[in-house]
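The values are calculated or read from the model by the stated rules, or taken from the named source; none is laboratory data. Keep in mind the model is a prediction, meaning the values are calculated, not measured. Here the Cβ positions follow ideal geometry from the backbone for every residue, glycine too, while neighbour counts run over all protein chains shown.
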Amino acid sequence: MRTHLCGRVTENELDSEVTLCGWVNRRRDHGGVIFVDLRDHAGLVQVVFDPDREEVFARAEQLRTEYVIRMTGRVRRRPEGTENPDLPTGAVEILGLELEVLNAAKTPPFPLDDEDVGEDTRLRYRYMDLRRPLMQQRLRLRAQVSAAMRRFLEEREFLDLETPMLTKATPEGARDYLVPSRTHPGSFFALPQSPQLFKQLLMMSGMDRYYQITRCFRDEDLRADRQPEFTQLDMEMAFVDEADVMEVTEGLIRHLFREVQGVELPDPFPRMAYAEAMARFGSDKPDLRIPLEFTELTEVMQAVEFKVFNGPANDPEGRVAALRVPGGAKLTRKEIDVYTEYVGRYGAKGLAYIKVNDPTDLAGGLQSPILKFLPEDVTRQILEKTAAAAGDLIFFGADKASVVNEAIGALRVKIGHDLELVEAGWQPLWVVDFPMFEYDDQDKRLYALHHPFTAPAVDSPEALRANPREALSRAYDMVLNGTEVGGGSIRIHNPEMQQAAFEALGIGEEEAREKFGFLLDALNFGAPPHGGLAFGLDRLVMLMSGAHSIRDVMAFPKTQTAACLLTDAPAPVGEKQLRELGIRLRPSATQQAE
């Protein structure tokens, strides 16, 4: 239907005849001459319809925004002074000789050049939203990233192998999406949260190196930037240790940035232990572009009478930490109140602070409501440990260590952006030496920090059983500018060690056999040491494109409430279909109340 793409007609085609197809981006009537900006996926070109060609001109008068047309015309140079240097086609225009309307269009639900359209409207009319050049650029970038990943891995003898979409429910991690089985009444498949067990089985099958760009599903509670279905690059390798996996995957990320964006990342990426990351930044995915760090004050505060600090300082699970903000003394009380409200979202009960006007004058050079509660020697130690200078502000976090880490860690990032302290560029990081488990005070049990198939750093099942709460794992996360883009581990390949891990998690032998019998059987038939990693493709492309949400790099995402506004899903199904599946719906609590 066409000889050229709109965005690729240049001076090379001067005086030639071209046929183009596309959408009317804009139509302008200037003194009896009609100008049409014609758009396809490659870009824009200006088309001119002259009244001398009456029949074609009459059709052009009927054109409206987003009409789909096919036209034939002659390429000519734009008149001097009317060139558009911002367009690849800006030196030429096309004199329209023929015009065919392939499809008329209603008035669009929103202007495509309007950047302030609400997200719900964009998602409801996603096919219109995707016509915008910015969205097309992002999806093309996503395709380039996927293609570069495949080339890199296949050059290194990784096999692209598919794993099942219908599998068995697992007892760990997020809730599964369940799929009822018509042929097995009362039984359910689950959509995979990841291909974890199948890729381990592939290593036990002798496949050696596997990868897959695959869809995963998690029925999680509502969170701002999570999706019920997402895409990850999944990888697994046999006969490897941590260094082997990290070398390959780090090389992959450097390759992506070099090939797709022309950016050279550090070689090698720095590494940081989980404990150090939490101590310095309160986060296991620290943004190293922000030059702010915690100062530990727990011991300093143990003897003070001020209960706000004394209590957490003497609690084995408590923590007192300071965050020095260079130049922060300029913040107003109103701005500090906003930050106080902000940390409250993360469980903090307040936000103490000291404004440092003159660190050498303890009596008159400091401003704070808490100074009257602090002995002079404690105040001096705070200033020394934080290295506070004139004009700085010191924030304090004092609570359970988990609350301090989350609240002051989030404050660190927010202040870094608000005060424009974020350094330019890319800061990759490996976080290693994670705890094997985390203890839940409410449930009074251990949970796997990554998943129950991660290998511990101990050398025997007996050592793991002896002290599971202190065990470290052989896990590693890749962090980029404060976002975790990938995580993996060396896996357990010994059946006795796997049983010990299940025991630590409260998974008894009967439950382990019921849920993971196929894995336990496979481990008994000669499983090689193996490990891998999964990259969140959506997050990675979001970072590379500069988007603010993973929804902006997915073609058809769900809303924050896990709904599809475009198709109005999820939706009820008919009674006949439910009967075929052996399902009867119970009224909800709201319906019962009515």
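Okay, here's what the table says:
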{"item": "Residues that are β-branched (Val, Ile, Thr) and in contact (Cβ under 8 Å) with a residue 40 or more places away in the chain, drawn from region 84-127", "result": "Thr89, Val92, Ile94, Val101, Thr107"}
{"item": "Residues (over 14 Å from His4 (Cβ atoms) and crowded, with 16+ Cβ neighbours inside 10 Å) located in region 47-64", "result": "Val48, Phe49, Arg53, Val56, Phe57, Arg59, Ala60, Leu63"}
{"item": "When residues of region 192-207 are limited to those that are farther than 26 Å from Ile583 by Cα and of a type outside the set (A, V, I, L, M, F, W, C), the one surrounded by the fewest Cβ atoms within 10 Å (Cβ to Cβ)", "result": "Gly206"}
{"item": "Members of region 128-149 found to be of a type in the set (Gly, Ala, Ser) and without any contact (Cβ under 8 Å) to a residue 40 or more places away in the chain, listed by number", "result": "Ala143, Ala147"}
{"item": "Leading residue by the ranking (surrounded by the most Cβ atoms within 10 Å (Cβ to Cβ)) among those in region 148-165 that are acidic (Asp, Glu) and at negative phi", "result": "Glu154"}
{"item": "Qualifying residue in region 180-191 (condition: under 22 Å from the mean Cα position of the chain (by Cα), at pLDDT 95 or above and crowded, with 18+ Cβ neighbours inside 10 Å)", "result": "yes"}
{"item": "Any hit, region 509-520, residues being closer than 26 Å to Thr167 by Cα, in contact with a strand residue (DSSP E or B) (Cβ under 9 Å, 6 or more places away or on another chain) and either without any contact (Cβ under 8 Å) to a residue 40 or more places away in the chain or surrounded by fewer than 19 Cβ atoms within 10 Å (Cβ to Cβ) (or both)", "result": "no"}
{"item": "Candidates Ala329, Ala348, Ala322, filtered to the one that is outside any helix (DSSP H, G or I), in contact with a strand residue (DSSP E or B) (Cβ under 6 Å, 6 or more places away or on another chain) and either assigned by TED's automatic domain parsing to the domain that holds Ser402 or not aromatic (Phe, Trp, Tyr) (or both)", "result": "Ala322"}
{"item": "Residue tally, condition touching a residue at least 60 places away in the same chain (Cβ under 8 Å) and aromatic (Phe, Trp, Tyr), over region 12-38", "result": "1"}
{"item": "Some residue of region 558-573 being surrounded by fewer than 20 Cβ atoms within 10 Å (Cβ to Cβ) and part of a helix (DSSP H, G or I)", "result": "no"}
{"item": "Qualifying residues in region 418-439 (those that are under 22 Å from the mean Cα position of the chain (by Cα) and in a strand (DSSP E or B)) - the one nearest to Arg491 (Cα to Cα)", "result": "Val432"}
